[in-house]
1. Quick check on the range 86-103: of everything there that is surrounded by 16 or more Cβ atoms within 10 Å (Cβ to Cβ) and not in a helix (DSSP H, G or I), which residue is farthest from the chain's Cα centre (by Cα)?
2. Residue by residue through the range 143-181, note down the ones that are within 14 Å of residue 57 (Cβ to Cβ), free of Cβ contacts under 8 Å to residues at least 40 places away in the same chain and buried (at least 20 other Cβ atoms within 10 Å of the Cβ).
3. For residue 140, indicate whether it is in contact (Cβ under 8 Å) with a residue 24 or more places away in the chain and in a loop (DSSP other than H, G, I, E, B).
4. Give the residue, chosen from 118, 113, 154, that is modelled with pLDDT of 95 or more, assigned to a loop (DSSP other than H, G, I, E, B) and in contact with a strand residue (DSSP E or B) (Cβ under 7 Å, 6 or more places away or on another chain).
């Protein structure tokens, strides 16, 4: 089922988390991934065709901006009883196969997704150096089956603005993708 991301008020403080990184098998917090210039938090999963469509750009984006002071982290919040291939052991394999240069965290209780009001994959959040929200929305204009390039342009524009020490005042268009697969007790 296709879902559009919920709006997030600019200036919202990033909710804290402490989740299992399926790559390192260690617990990772928001402070651990926080970047000096800003932080990009991505809600993704292994199976969603919208995420699979942008995976290579997620790797490029992180590699292009991590050295410039931005932290990156991906979080999967899907109920593994509904989608077993989104389980932690498969997340670890997926991250290695794609070459994610960022932690890939497992939100087993789905509490972090609820705190962020994340509802779809992929769902992108950009926070400034003070962990205040400056952007929540799409990666770029690409979608599976469209000819638009997968270039991360929306996020790149935000990050470039932050690098220049300016406030991002551009538009926030919602991300569109697969719904997060909620546990029946999540609501």
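1. Going through the qualifying residues, I end up with 87.
2. Scanning the range 143-181 gives a single hit, 154.
3. yes
4. Checking each option against the conditions leaves just 118.
One line per residue, one yes/no per condition, for (1) surrounded by fewer than 22 Cβ atoms within 10 Å (Cβ to Cβ); (2) under 11 Å from the mean Cα position of the chain (by Cα):
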{"site": "28", "(1), (2)": "yes, no"}
{"site": "35", "(1), (2)": "yes, no"}
{"site": "46", "(1), (2)": "no, no"}
{"site": "51", "(1), (2)": "no, yes"}
{"site": "66", "(1), (2)": "yes, no"}
{"site": "70", "(1), (2)": "no, no"}
{"site": "76", "(1), (2)": "no, yes"}
{"site": "80", "(1), (2)": "yes, no"}
{"site": "84", "(1), (2)": "yes, no"}
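The values are calculated or read from the model by the stated rules, or taken from the named source; none is laboratory data. Quick caveat: nothing in here was measured; it's all calculated off a predicted structure. All Cβ positions, even for glycine, are placed from backbone atoms using ideal geometry, and neighbour counts span all protein chains on display.
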